Every structure is written in C-alpha cells, then in structure tokens.
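Everything on this sheet refers to the single structure shown next.
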Amino acid sequence: MTNSIFISGAAQGIGAAIAKLFYQRGYRVGIYDINQTLAANLAKHLGPRARAGLLDVCDYAQWQSTLAEFAIWAGELNILVNNAGVLYSGPFEQTEITAHQRTLQINVTGVINGCHAALPWLKKASHAQIINLSSASAIYGQADLASYSASKFAVRGLTEALNIEWKKYGIRVLDVMPLFVQTAMVQDMQAASIDNIGINLTAEDVAQHILKVALSKDHRLAATHHPIGLKTHLLYHLSAHSPQFLNRWANLQLSKSKLPAR
C-alpha cells in the first residue's frame, strides 16, 4: 500500500514544498488549504496521487470531513503535517488585538483540531505520525513576535504531551523548529531579530528535513523536537544549557534594531 500524507496549509510555501517532495517519493498527498484554488492547481500539477480540498483549520467539523474523505481515498492516513499558520509582527501594543487572537486561533486551535480529528484514522494506520510546524521562536520568547512565539510554545508543549500520551497507540508525534524561512509569511516582517539573524532557510530545506525525519527508523533521530538550520541548533542547545539570564540577554541583543533611532 502506498503511504499517505495530509498537509494543512499546503497550497504554497512550506506546505507546497512538502507536498511536492513527498509526491516525488511515491506518497499519496493531501493538499488542503483555505485557498482551494491554489491547492487544486498544485494537485493537478503533481498528478493522480495528489488530492486537494478546502480546509479552514479553525473549523473542527471541516477537519473531520476532509480527513475522512482523504483517508478513504488514500487507503489510510499515515502522516499528518500541521503546517497552516499565520504571523503578525511588530510591537505587541501596536498590533491589533484581532491579529493576536487570529494568531492563536490558527496556530494553536488549528493544530489541536487537526490532532484530535486525525486520531481515529491514525490509530488504524501503520507507521502513524504527526509532524507539527513549530519554530525557533518556541526556544525563547521573541520580541515583536510575541503572539506568534507564544503560539509556537503552545505547539511545542502539545507535541511533547501527545508524544507521550499517544505512544500507547503507536503514533509518533514530533515537531520541527525552523528559524526564518524564505516564504511570503516573512515578507515585510517588523522584527529586529530577522534583520540581525537573516533568512537562510528555504521552504525546500524544511521539506527535506521533514522527509528525513518521517522516514527515519534510527532511534538517534527519534527526538521530539527537531531544530532546522545551524543557527537554530545553536540557539536550541544554548537555551538548554545556559542560565536564564544569559538566554534573556542573548535574545535581547537579537531584538535590538540595527537601524538608527528616528
């Protein structure tokens, strides 16, 4: 039986890169997105093992119906990738409250919805996995990205909990933690950290790492969290071993703008 993968937010960016790569490896690929037209175009471009559909990750009933439709079409659901997300940047108090609320609704509730709705199908599948898109922003809270950072901390915590809870079902739950990635999401971002760190990862880099993790049978790679990129690895390991005041100082330096004061 051909393995299958269902990806939320798959019409463009990282989600589309994941869809393309797994399709090349012979998977049946579910491309689900709020932008149904883009999702359908990508599925048509990939071929008969790709299926597209409309998915608003905030709508639990829609998760249930699309997962059922996909699992029946594909034979089973082997991998769920919770990729859909939004990012608003800028000073916390200058960001509309609706933007903070939308960030948590999509980035947190959307992931919870996906995991919960997928469980009945994953319990029936072989080699079942959930791969959540977390972020380097879940290592230490990022200034000018407060709500986004908080949402990714929530994803990190949910991943850790479910990886323990769902071991009894044979379901592996993990997350990947890239730094800033060259996608539409980070265009016009207002955060000094992106100016200081730069954007060194592509959507294809993240997709390649997800494929590596998904295919790995090596226990050395069976970690719950997977930092992507050298800078993220450094931040992740420094955070784990450095005193809290040093972590705060390092992140304070990242949040200082290189631009002259106006």
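Of the trypsin sites (Lys or Arg not before Pro) found in the stretch 75-184, the ones in coil according to DSSP and having at most 15 other Cβ atoms within 10 Å of their Cβ are Lys123, Lys124. Built from the Cα atoms of the stretch 18-79, the convex hull projects on average onto 4.0 nm², one quarter of its surface area. Among the listed pairs Lys123/Lys217; Lys20/Lys167; Lys20/Lys217; Lys124/Lys212; Lys44/Lys152; Lys167/Lys212, which are separated by more than 26 Å between their Cα atoms? With Cα atoms farther than 26 Å apart: Lys20/Lys167; Lys44/Lys152. A Cβ-based charge dipole, computed about the Cα centre of the stretch 1-77 with Lys and Arg at +1 and Asp and Glu at -1, lands at about 400 debye. Of the GluC sites (Glu not before Pro) in the stretch 72-168, the ones in a loop by DSSP (not H, G, I, E or B) with at most 10 other beta carbons within 10 Å are Glu96.
Bear in mind these aren't lab numbers, they're just calculated from the coordinates by the rules spelled out. Everything quoted here is computed from the prediction, not taken from an experiment. No Cβ is skipped: glycine too gets one built from the backbone with ideal geometry, and neighbour counts run over all protein chains shown.
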